Structures are given as C-alpha cells and as structure tokens.
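Everything on this sheet refers to the single structure shown next.
The values are calculated or read from the model by the stated rules, or taken from the named source; none is laboratory data. Computed from a predicted structure; not experimentally measured. Cβ placement follows ideal geometry from the backbone for every residue including glycine, while neighbour counts extend to all protein chains displayed. Areas reflect the complete protein model, heavy atoms only, side chains present, ligands, DNA and RNA absent. Shrake-Rupley method; radii C 1.70, N 1.55, O 1.52, S 1.80 Å.
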Amino acid sequence: MDPLHNTQSGMPESEAAAEARRLIDEWVGKPVRHHPTSFRDDTKPPAFGTTPPVPQPDHRIVPAWAAGIAVASIGVGAGVTGIGCGAWLVLQGLASVTLAGVLMVTLPFAGVAMVATAIGGAISKARAAVTKNVYEGPVTHHTEVHNNSTTRGMFFARTRNEIR
C-alpha cells in the first residue's frame, strides 16, 4: 500500500495535522520519570573513632554443575599427584637395578614360561593324529578356465575379470 497515493477516503489534511499536533502536545505535557542509575554518598566519614559496620550482602550464586566440576578437578589433581608420586618411587627403584637383580626377578617367570611351552608341545604332539590316506583307482584332474577381462577408464583404469 502506497501512503502517497492513497485512494481511500480519510480525514482531510487540515484535520490530520490538527490531530497530530494534539497528540504531540499531549505527549510533551507528560512528566518524564528519571530513574537513577548510580548513587553517591557524599557524607564525609568521621575523622576518628569507630565507624558502624556497613552490611555488604553477598548474593553470588554458583551453579551446582560448576561446584561439581571444581570439586572433581580438585579430586583429579590429588589423584594424579598420588599417581605421579607412585611412578616416581617405582622409577627410583628401577634406577638402582643391577643385572643380577633383574635375572633373579625374571628367573621364575622364565621357568614358568619354559614349563608351559614344554607342556603345550607335549599336548600338541599327543593330539596329532596319524592319518594315512591311500587312494586306489584312477584320478583325473579337469580344469577349465574362461577369462573375460574388460578395462574401463584411462588414468584410473578399472579392470574386471570374470573367471568361470
């Protein structure tokens, strides 16, 4: 709808201008309410003596998930510190390892591995069945190969082989 070329019959321009002036005057006549955005206390504090305590309310609200993450991070930090101390102790012990000590520690494991290998070998030999297949009669071997090969493409060629 074009406001300049209005085909509807409305109020004449003189009445519209008078109504617009009346609305603007009515709006200007209303008092403007001012809301202070800050406050400054200009009273001077006493030069000496005690001053009365001023209430300072604390209304910080910490969401439950934030408090949970804070507690969890403290727990994880303490746990990682314990793991680090344990690793340090183990590595300090490994730093003082001698060849004789390593051999003495690994000797039982090597013995157990050797016994397990011997037992496994004995069991596999015992379970191996002796079979002897004897074929009597003529044996014929007939192989027929039909190979259809097609290649498509130039740079990235694809070859398709059909063997029946």
* Asked: Of 134, 68, 110, which is farthest on the positive side of the dipole of the chain, counting Cα position, with +1 on Lys and Arg Cβ, -1 on Asp and Glu Cβ, and the Cα centre as origin?
  -> 134
* Where only C-alpha atoms are counted, convex hull volume of the chain per residue in Å³ -> 869
* Only loop residues by DSSP count here, and only those with at most 13 other Cβ atoms within 10 Å; note down the chymotrypsin sites (Phe, Trp or Tyr not before Pro) in region 1-91 that meet that. => 39, 48
* Asked: Expressed as an acute angle from 0 to 90° and rounded to the nearest 10, what is the orientation of the C-alpha long axis of helix 99-127 relative to the principal long axis of the chain?
  -> 60
* **Most mobile of 30, 44, 125 in a GNM of the chain (Cα contacts under 10 Å)** => 30
* List, in order, the whole-Hz ³J(HN,Hα) value for each residue of region 52-57 obtained from phi through the Karplus relation with A = 6.51, B = -1.76, C = 1.60 and θ = phi - 60°; use x for Gly and Pro. => x, x, 10, x, 10, x
* To do: Report, ordered by chain and residue number, the aspartates and glutamates lying within cross-link reach of residue 125, taken as a straight Cα distance under 12 Å and ignoring same-chain residues fewer than 8 apart.
  => none
* Lys, Arg +1 and Asp, Glu -1 on Cβ, resulting dipole of the chain about Cα centre, debye, nearest 20 -> 1220
* **10 Å Cβ shell holding at most 15 others, DSSP loop, GluC sites (Glu not before Pro): longest site-free stretch of the chain** => 1-135
* Structure fact -> dims of region 41-118, Cα set, principal axes, largest to smallest, nearest Å -> 97, 32, 15
* Give the carbon-plus-sulfur fraction of the accessible surface of the chain in %, rounded to a whole number; probe 1.4 Å, heavy atoms of protein chains only. => 65
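Kindly report the accessible area of region 17-87 per residue (heavy atoms of protein chains, probe 1.4 Å, no ligands, DNA or RNA), in Å².
Each residue of region 17-87 exposes 100 Å² on average to a 1.4 Å probe.
Once you charge only the Cβ atoms, +1 for Lys and Arg and -1 for Asp and Glu, what is the size of the charge dipole of region 1-94 about its Cα centre, to the nearest 20 debye?
620
From the C-alpha gyration tensor of region 1-93, pull out the three semi-axes of the equivalent ellipsoid (sqrt of 5λ each), sorted largest to smallest, in whole Å.
71, 35, 10
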